[in-house]
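Enquirer: Have a look at the structure that comes next, please.
Just so you know, all these numbers are worked out from the coordinates, no wet-lab data involved. This structure is a prediction, so every number in the text was calculated from the model and none was measured. Note that each Cβ is placed from the backbone with ideal geometry, even for glycine, and that neighbours are counted across all protein chains shown.
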Ligand SMILES: Nc1ncnc2c1ncn2[C@@H]1O[C@H](COP(=O)(O)OP(=O)(O)OP(=O)(O)O)[C@@H](O)[C@H]1O
């Protein structure tokens, strides 16, 4: 059974300001297989976050349906973990307490929470920072806390909305490499939103290129390059040329429709 199935999903927002409906996603069909690392790539405003939020259950579909592990999505659930661009950590809690916060909500005792958190702290490379507070962390470290917090719930599906967009170039590359290593170790299905062609190529087993608004899904491109990916390799650059051409066509359309 597929991890995620999106069938004829349409999203219409009510644009309160302009008193009209806005068709954000138009008849999206997509199957994400178990253990896929799918990158959703598309120009700004094409509906990537909307699609991710619908899978997460934060947004409803206007029509169509989304199934996760064969069950229709009716709201958020522990089978789906979300990682945002800003990890929104609780400033009064330490790294380990932030990571294990959901366990506290479930009534798990402190010693057990601490032990469980350590597994994920080690996995994301935060060993030694367990008792730091969020204001003592760099952007990359805060991002790791967000990832560890999502992994701790052991969700079947991890949804990531541009989690590295605010990081500097070197930290971003380090985080990409670590994320692939974590995913390979941890297993599970990842849907990762980005508007960086290179990021999608470094990370994904598949790339879905979205068209400009109303968002539609174009080609689903499988990537069979071995990890860790070498961005200077000829095969990498062949794929990059192909995806850039598709992406640029969509971004040009998006700019024209925004200017119209
Ligand atoms: N709550 C909302 N109400 C009304 N319109 C919305 C709402 N959320 C998003 N939109 C509109 O839906 C479209 C898709 O937005 P979305 O944020 O999903 O795009 P995106 O591809 O993730 O963009 P970006 O890459 O810039 O984050 C945009 O035109 C946006 O203005």
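Enquirer: Using 0.36 nm per residue of separation minus the Cα-Cα distance, give me the extension gain between residue 110 and residue 34 in nm, one decimal.
Expert: 24.0 nm
Enquirer: I need the Kirkwood Rh of the chain: take the reciprocal of the average 1/r across all distinct C-alpha pairs and report it in angstrom.
Expert: Every distinct Cα pair counted, the radius reaches 19.2 Å.
Enquirer: Sorting 149, 144, 18 on the 10 Å Cβ count, fewest up front, what's the list?
Expert: Ordered from fewest to most neighbouring Cβ atoms within 10 Å, 149, 144, 18 come out as 18, 149, 144.
Enquirer: Quickly estimate the mean residue ellipticity at 222 nm for the chain, helices only: each DSSP H run with n ≥ 4 gives -39500 (n - 2.57), and the total goes over all residues, rounded to 500.
Expert: Roughly -12000 deg cm²/dmol at 222 nm, from the helical runs in the chain.
Enquirer: What distance in nm lies between label points placed 7 Å from Cα along the C-beta direction at residue 2 and residue 102?
Expert: Distance between the two pseudo-spin positions: 2.4 nm.
Enquirer: Given the Cα-Cα distance of residue 22 and residue 44 and 0.36 nm per residue of separation, how much length would full extension add, in nm?
Expert: 6.4 nm
Enquirer: Here is a follow-up. Express in nm, to one decimal, how much length is gained between residue 69 and residue 256 on full extension, taking 0.36 nm for each residue of separation and deducting their alpha carbon distance.
Expert: That works out to 63.5 nm of additional length.
Enquirer: Between residue 231 and residue 171, with labels modelled 7 Å along Cα→Cβ, what's the label distance in nm to one decimal, could you check?
Expert: Between residue 231 and residue 171, the label points sit 1.7 nm apart.
Enquirer: Along the Cα→Cβ direction, 7 angstrom out, place labels at residue 153 and residue 219. What is the inter-label distance in nm?
Expert: 3.5
Enquirer: R0 = 45 Å: FRET efficiency of residue 240 with residue 60, Cβ-based, nearest 0.05?
Expert: Approximately 0.80, to the nearest 0.05.
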